[in-house]
Amino acid sequence: MTNLFKSIKVGKLHLEHRVAMAPLTRSRSAQPGNVPSAMNVEYYRQRASAALIITEATQISQQGQGYAWTPGIYTDEQVQGWRAVSDAVHREGGHIFLQLWHVGRVSHPIFQPDGALPVAPSALPVNGKTFIIDDEGNGVWGDVPVPQELSIEGIRKIIADYRQAARNAISAGMDGVEIHAGNGYLLDQFINSSSNHRRDEYGGSIENRARILIEVVAAVTEEVGAENVGVRLTPMGRFMGMNDETPEATFGHVVRELNRFGLAYLHLVEPAMVGVVKDEQFDPRWDAIIAQLRGEFSGVLMLAGGYDRVTAEQALADGRGDIIAFGRPFIANPDLPVRLKHGYSLNEGFPASYFGGSEQGYIDYPTYAEV
Ligand SMILES: Cc1cc2nc3c(=O)[nH]c(=O)nc-3n(C[C@H](O)[C@H](O)[C@H](O)COP(=O)(O)O)c2cc1C
């Protein structure tokens, strides 16, 4: 074991090793108000030995929410809740970035202001489900309705919301923010040609489809400093109906534009593993596009998706990426870095308790020492 445990500089942070915690939605914020709770503080504190924690996706506004009980970063209470999380992680010597999220069309009127339809680049249906709350208050998977097309004014408001949310994250003591531009959510819906049929300056050409992301990155980096900002992309991801006609050209353009900012890092999700959906159609070109984007991006590259100890070491040795983020292994193993370092066995996770619920399957996974 060598490469995973070499230090690396990311933005202004000096990371002791390269085992990051991937962003993981767990749908357990305190209600009402989607506020990080004492239980959430304990969950992140337990995982502070990650080189860098990227928090679960956190909505930048009420409109940006699409799943039950996910936390926000747009009210004072939420900022205070996140402050307790960042303090706990810092006390343990860890580092933490907050993932900024707007789901776009992957939502439901129950989450939207005034019960409105969710917003998207275009009013196109998606064959997908989101985690909603039924009349008895239980979390259930529900269909995503056809969204309403965003106006230019609506787009400007969202960019302003990203800016404010980034400022709030820094006030909450976060070391930085990661802009979630993958997995079929709002920014990805603009980038991919399948979900963006607009004819104005935010649709049509590659430059136009990438425009909102670049404007969000410009606003957020101006607000909190580019060295404190990462961006997550899922080129060739198929989750939530994503598909692009010319992915090499589209994502190549996005990455070359991102180079202008001097970001802390770029985070790519290996398309074979964008999330929990197993029956997606995987594009055979995915391996090549990761290599292409690695060549085109001029900063630190983080990779995620299906990695284990051996494949992570190999990816670093091959120069495929610089940091590896682990998702599901970190759910079940709060002390994942030490286990990978020494080759200790890993706990198995319980997928039934990934989304929503109590302390069970959340903060009760034992460390190796406890086993
Ligand atoms: C329960 C669960 C929740 C997730 N939530 C998020 C999220 O909030 N934001 C995000 O960008 N990706 C999310 N993902 C994707 C993970 O960050 C990661 O890319 C994926 O799990 C593949 O990595 P792994 O094989 O190490 O788990 C989630 C995945 C899982 C399993």
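Listed values, structure above:
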| quantity | calculated |
| --- | --- |
| Output for the range 295-312, where each listed residue is in contact with a helix residue (DSSP H, G or I) (Cβ under 7 Å, 6 or more places away or on another chain), more than 9 Å from the ligand (Cβ to nearest atom) and farther than 11 Å from residue 19 by Cβ | 296, 297, 298, 301, 303 |
| Residue match in the range 166-182 (condition: within 16 Å of the ligand (Cβ to nearest atom) and β-branched (Val, Ile, Thr)) | yes |
| Strands (runs of 3 or more DSSP E) (entirely within the range 1-110) containing at least 3 residues that are within 13 Å of the ligand (Cβ to nearest atom) and in contact (Cβ under 8 Å) with a residue 40 or more places away in the chain | 19-21, 53-59, 96-101 |
| Residue list for the range 334-363, filter: closer than 21 Å to residue 36 by Cβ and surrounded by fewer than 16 Cβ atoms within 10 Å (Cβ to Cβ) | 358, 359, 360 |
| Tally of residues being of a type in the set (Val, Ile, Thr) and either at pLDDT below 95 or within 20 Å of residue 301 (Cβ to Cβ) (or both) across the range 195-215 | 1 |
| Residue that is farthest from residue 337 (Cα to Cα) [pool: residues in the range 290-325 that are under 18 Å from the mean Cα position of the chain (by Cα) and not in a loop (DSSP other than H, G, I, E, B)] | 290 |
| Looking only at the range 220-238, and only at residues there that are of a type in the set (Asp, Glu) and more than 21 Å from residue 53 (Cβ to Cβ), the one that is farthest from the ligand (Cβ to nearest atom) | 222 |
| Subset of the range 109-126 [surrounded by fewer than 24 Cβ atoms within 10 Å (Cβ to Cβ) and not hydrophobic (A, V, I, L, M, F, W, C)] | 109, 112, 113, 114, 115, 122, 125 |
| Scan of the range 313-332 for residues that are away from the ligand (no atom under 14 Å from the Cβ) and of a type in the set (D, E, K, R), ordered by number | 313, 318, 320, 322 |
| Checking residue 349 against (1) assigned to a loop (DSSP other than H, G, I, E, B); (2) away from the ligand (no atom under 13 Å from the Cβ); (3) at pLDDT 95 or above, the condition it does not meet | (2) |
| Residue match in the range 156-163 (condition: of a type in the set (D, E, K, R) and in contact with a helix residue (DSSP H, G or I) (Cβ under 8 Å, 6 or more places away or on another chain)) | yes |
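A quick yes/no check of all residues on (1) assigned to a loop (DSSP other than H, G, I, E, B); (2) within 16 Å of the ligand (Cβ to nearest atom); (3) touching an Asp or Glu at 6+ places or on another chain (Cβ under 9 Å):
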site: 334; (1), (2), (3): yes, yes, no
site: 345; (1), (2), (3): yes, no, no
site: 361; (1), (2), (3): yes, yes, no
site: 369; (1), (2), (3): yes, no, yes
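The values are calculated or read from the model by the stated rules, or taken from the named source; none is laboratory data. Fair warning: this is a prediction, and the values are worked out from it, not measured in the lab. In this analysis, Cβ positions are derived from the backbone assuming ideal geometry, glycine residues included, and neighbour counts consider all displayed protein chains.
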